[in-house]
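Asks: Submitted below is the structure of interest, expressed as structure tokens.
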């Protein structure tokens, strides 16, 4: 069996997901190449930086759109997130009303649940509203790391 056989979003033309309800079930994972002895015989370690410049959600009070660049930094454990599934997942926030801090916290928690990384930080670099930029950060670390 191919390591990528269970990935449904990659290569799929499916776009019939909801934009108003964040859905962690859209997220998919694949084995971390750094953890595969056949691919990585010398035990090279690595980290991931994923920058998502087109994140949008809605203010839960005014309904106005909020725009952000999400920056996800992590030291993966056994799994990595599949990028198209991450794109679809982040798109599911588009018409969802939630404060910046809650969006960032939810995304971090959903990625921890899916991936069980050694360490992860999710930062939302939201564009200023009312002249005030807000960049909330959520972070998680495996005990002992």
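The values are calculated or read from the model by the stated rules, or taken from the named source; none is laboratory data. Just so it is clear, the structure is predicted and the values come from calculations on it, not from any experiment. Every residue, glycine among them, receives a Cβ derived from its backbone with ideal geometry; neighbour counts consider all protein chains shown.
Asks: Mind listing just one residue for me: the one in the stretch 1-26 that is in a loop (DSSP other than H, G, I, E, B) and at pLDDT 90 or above and, of those, farthest from residue 78 (Cα to Cα)? Talk me through it step by step, then tell me what you get.
Replies: Narrowing the stretch 1-26 to residues in a loop (DSSP other than H, G, I, E, B): 1-23.
If we keep only those that are at pLDDT 90 or above as well, we get 22-23.
Values: 22: 24, 23: 22 Å.
Among residues in the stretch 1-26 that are in a loop (DSSP other than H, G, I, E, B) and at pLDDT 90 or above, the one farthest from residue 78 (Cα to Cα) is 22.
Asks: For the stretch 126-145, give me each residue that is under 14 Å from the mean Cα position of the chain (by Cα) and under 19 Å from residue 53 (Cβ atoms).
Replies: If we filter the stretch 126-145 for residues that are under 14 Å from the mean Cα position of the chain (by Cα), which is where we start, we get 137-140.
137, 138, listed by residue number.
Asks: If you scan the stretch 25-45, which residues turn out to be in contact with a helix residue (DSSP H, G or I) (Cβ under 8 Å, 6 or more places away or on another chain) and touching a residue at least 24 places away in the same chain (Cβ under 8 Å)? Please lay out each step first, then the result.
Replies: Within the stretch 25-45, the first condition is being in contact with a helix residue (DSSP H, G or I) (Cβ under 8 Å, 6 or more places away or on another chain), and the residues that meet it are 26-29, 39-40, 44-45.
Within the stretch 25-45, 26, 27, 28, 29, 45 qualify.
Asks: Within the stretch 27-37, restricting attention to residues that are outside any strand (DSSP E or B) and at pLDDT 95 or above, which residue is farthest from the chain's Cα centre (by Cα)?
Replies: Our first condition is that a residue be outside any strand (DSSP E or B); within the stretch 27-37, this holds for 27-28, 32-37.
Retained after the next criterion (residues that are at pLDDT 95 or above): 27-28.
Numbers: 27: 8, 28: 10 Å.
Selected residue: 28.
One line per residue, one yes/no per condition, for (1) closer than 17 Å to residue 25 by Cβ; (2) surrounded by 20 or more Cβ atoms within 10 Å (Cβ to Cβ); (3) out of contact with any strand residue (DSSP E or B) (no Cβ under 6 Å at 6 or more places or on another chain):
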residue: 79; (1), (2), (3): yes, no, no
residue: 86; (1), (2), (3): yes, yes, yes
residue: 90; (1), (2), (3): yes, yes, no
residue: 105; (1), (2), (3): no, no, no
residue: 109; (1), (2), (3): yes, no, yes
residue: 113; (1), (2), (3): yes, no, yes
residue: 118; (1), (2), (3): no, no, no
residue: 122; (1), (2), (3): no, yes, no
residue: 129; (1), (2), (3): no, no, yes
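Asks: Which of the residues that make up the stretch 96-112 are touching a helix residue (DSSP H, G or I) at 6+ places or on another chain (Cβ under 8 Å) and in a helix (DSSP H, G or I)?
Replies: 107, 110
Asks: Search the stretch 58-69 for residues that are touching a residue at least 12 places away in the same chain (Cβ under 8 Å) and at positive phi and pair each with any residue that is surrounded by 12 or more Cβ atoms within 10 Å (Cβ to Cβ) and not in a loop (DSSP other than H, G, I, E, B) when their beta-carbon atoms are under 7 Å apart and the residues are at least 6 apart or on different chains.
Replies: Final answer for the pair search is 63/97.
Asks: Give, as residue ranges, the strands (runs of 3 or more DSSP E) completely inside the stretch 38-87 that count at least 1 residues that are under 13 Å from residue 98 (Cβ atoms).
Replies: Values: elements: 48-58, 65-75, 79-81.
Output list reads 48-58, 65-75.
Asks: Can you find, within the stretch 40-59, the residue that is modelled with the lowest pLDDT among those that are touching a strand residue (DSSP E or B) at 6+ places or on another chain (Cβ under 9 Å) and surrounded by fewer than 14 Cβ atoms within 10 Å (Cβ to Cβ)?
Replies: Initial filter on the stretch 40-59 (touching a strand residue (DSSP E or B) at 6+ places or on another chain (Cβ under 9 Å)): 45-59.
The next check asks that each one be surrounded by fewer than 14 Cβ atoms within 10 Å (Cβ to Cβ); those that pass are 45-47, 49, 51, 53-54.
Details: 45: 84, 46: 88, 47: 94, 49: 98, 51: 98, 53: 97, 54: 96.
So the residue we want is 45.
Asks: Taking the residues in the stretch 131-145 that are in contact with a helix residue (DSSP H, G or I) (Cβ under 8 Å, 6 or more places away or on another chain) and not in a loop (DSSP other than H, G, I, E, B) as candidates, determine which candidate is surrounded by the most Cβ atoms within 10 Å (Cβ to Cβ). Talk me through it step by step, then tell me what you get.
Replies: Just the residues of the stretch 131-145 that are in contact with a helix residue (DSSP H, G or I) (Cβ under 8 Å, 6 or more places away or on another chain), to begin with: 134, 136-140.
Still in the running and not in a loop (DSSP other than H, G, I, E, B): 134, 137-140.
On the way: 134: 17, 137: 15, 138: 20, 139: 12, 140: 16.
Taking the candidates together, the pick is 138.
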